[in-house]
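Asker: I'd like to ask you about the structure that follows.
Every number in this text was worked out from the coordinates using simple rules, so none of it is lab data. The shown structure was predicted, so the numbers you read here are calculated from the model rather than taken from an experiment. Counting neighbours? That spans all protein chains shown, and the Cβs are built from the backbone with ideal geometry, glycine included.
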């Protein structure tokens, strides 16, 4: 069961989910093909996956974090702050490249939600894995409609895996999923309510 938990945890991973979600949004979220789709996806991969992953690797080599999951809450503040900067930089670059509003807005969600997680982490450990799954599900629900809500079922095995691996308590996974989904959905409502079409 531990092997299965590791498999689930490493597959539905915060480094992997942005690439998959942005690709789905770019490929299927528009009636017309998205211009410069691969350039926009390159920005996503760089600032959502490569930079955060490199930060963790470097901090691990420096002895600032104990493992790649950053299991100790006290070690999470700096990587999260760097993550906020990385996501914010990606947002600005996507906006400069005139990426579709949903792509820019969803990247902004990553920056804002990571800032929320940073403040929460100062006092309590929340599941970043489940938060990172809730956000993409909210984005796909916003774009594709209520039929995407079935994806919420993916939270169950992921939450189980994180609890089984003793990375989180059940409440930490529930809080992560709730924050990821609700914050992202509300942020996208606000983003498009400002006239970003």
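Asker: Using mean Cβ contacts within 10 Å as the protection proxy, how do 109-122, 175-188, 141-154, 72-85 order, highest first?
Answerer: 175-188, 109-122, 72-85, 141-154
Asker: Just check the stretch 49-152 against the gyration tensor rule for me: Cα atoms, a ≥ b ≥ c as the square roots of the eigenvalues, rounded for a/c under 1.5, and otherwise prolate or oblate depending on whether a/b exceeds b/c.
Answerer: Verdict is oblate for the stretch 49-152.
Asker: Another one. Relative to the present Cα-Cα distance, how much length would full extension add between residue 10 and residue 165 at 0.36 nm per residue of separation?
Answerer: Working: separation 155, 0.36 × 155 = 55.80 nm, distance 1.18 nm.
That works out to 54.6 nm of additional length.
Asker: Next question, about the same structure. Between 0 and 90 degrees, rounded to the nearest ten: what's the tilt of helix 128-144 against the longest Cα principal axis of the chain?
Answerer: The angle comes out at about 20 degrees.
Asker: Work out the FRET efficiency for residue 89 and residue 1 from their Cβ-Cβ distance, taking R0 = 45 Å, and round it to the nearest 0.05.
Answerer: The value I calculate is 0.70.
Asker: How far apart, in nm, are the 7 Å Cα→Cβ label points at residue 77 and residue 97?
Answerer: Result: 3.3 nm between the two label points.
Asker: Averaging sequence separations of C-alpha pairs under 8 Å and six or more residues apart, then dividing by the length of the stretch 44-129, give the relative contact order as a whole percent.
Answerer: The normalised contact order for the stretch 44-129 reaches 31 percent.
Asker: Nearest 10 degrees is fine. How inclined is helix 101-121 to the longest principal axis of the chain, computing both from alpha carbons?
Answerer: That works out to roughly 20 degrees.
Asker: Rg and Dmax of the stretch 118-197, Cα atoms, in Å?
Answerer: Both quantities, over Cα of the stretch 118-197: 13.6, 44 Å.
Asker: Simple spin-label model, 7 Å along Cα-to-Cβ: residue 23 to residue 119 in nm?
Answerer: 3.4
Asker: Residue separation times 0.36 nm, minus the C-alpha to C-alpha distance between residue 58 and residue 156: what's the value?
Answerer: In short, 32.1 nm is gained.
Asker: For the chain, take the longest principal axis of its alpha carbons; what is the angle in degrees between that and the long axis of helix 51-61, to the nearest 10 within 0 to 90?
Answerer: Helix 51-61 sits roughly 20 degrees off the main axis of the chain.
Asker: Run the helix sum for the chain: -39,500 (n - 2.57) per DSSP H stretch of 4+ residues, divided by residue count, reported at 222 nm to the nearest 500 deg cm²/dmol.
Answerer: Calculated from helices alone, the mean residue ellipticity at 222 nm is -22000 deg cm²/dmol.
Asker: May I ask you to derive the relative contact order of the stretch 2-192, considering only C-alpha pairs under 8 Å and at least 6 residues apart, and to give it as an integer percent?
Answerer: 26
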